[in-house]
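Readers should treat all values here as calculations from the given coordinates under stated rules, not as data from a laboratory. Bear in mind that the values here come from a model prediction, so they are computed numbers and not experimental data. Positions of Cβ are generated from backbone atoms using ideal geometry, with glycine treated the same way; all protein chains shown enter the neighbour counts.
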């Protein structure tokens, strides 16, 4: 009926979190959330996070850069969406700026062009206004800047 939650010693929790951080880049928020789920006390959480930072398992700048590269290359997110997601993870503005430098401007515009063209080809509506609105909604949702989106729509839908 009741599930007994496992309790961890400081050493066990530290080793578990080292593996957690070695598997993929994590931010401080992910790590503290994981430790709270493990029912660790705040003093232990601070101690483990400090250890992870000192041993370079946890690095927010590295996390932000990896996150930005991955979301742009794989999910084709725009800068706005990446910034918002990083802010939700309590990443500093310095690290966010550093992360956005990982995205090449030329590739950014090429990706927007390819994404817009692919979406436009999939739209079945014949009404020009509906096509424009659907394309704009799609690109804005993915975090592309509005001035780029509307310029691209003017270029593609006449």
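Distance between the C-alpha centres of region 138-158 and region 76-135: 9 Å, rounded to the whole angstrom.
Note the angle between two axes, namely the Cα long axis of helix 105-122 and the longest principal axis of the Cα atoms of the chain, as a number of degrees from 0 to 90, rounded to the nearest 10. The angle comes out near 60 degrees.
A Förster distance of 22 Å, applied to the separation of the beta-carbon atoms of residue 118 and residue 140, puts the FRET efficiency at 0.85. Relative protection proxy for 39-50, 63-74, from highest mean packing down: 63-74, 39-50 (other beta-carbon atoms within 10 angstrom).
Note on residue 133 and residue 93: the model spin-label points, each 7 Å out from Cα along the C-beta direction, lie 3.6 nm apart. For region 1-63, the Kirkwood radius over C-alpha pairs fed into Stokes-Einstein at 20 °C and 1.002 mPa s yields D = 179 µm² per second. Viscosity 1.306 mPa s, temperature 10 °C: what is the translational diffusion coefficient of region 1-150 from Stokes-Einstein with a Kirkwood Rh over Cα pairs, rounded to a whole number of µm²/s? Estimated via Stokes-Einstein, D reaches 89 µm²/s.
Using only the alpha-carbon atoms, how far is helix 42-54 inclined from the longest principal axis of the chain? Give it as 0 to 90 degrees, nearest 10. So the helix axis and the longest Cα principal axis differ by about 70 degrees.
For the chain, the mean residue ellipticity at 222 nm estimated from helices alone is -22000 deg cm²/dmol, where every DSSP H run of n ≥ 4 contributes -39500 (n - 2.57) and the total is divided by all residues, rounded to the nearest 500.
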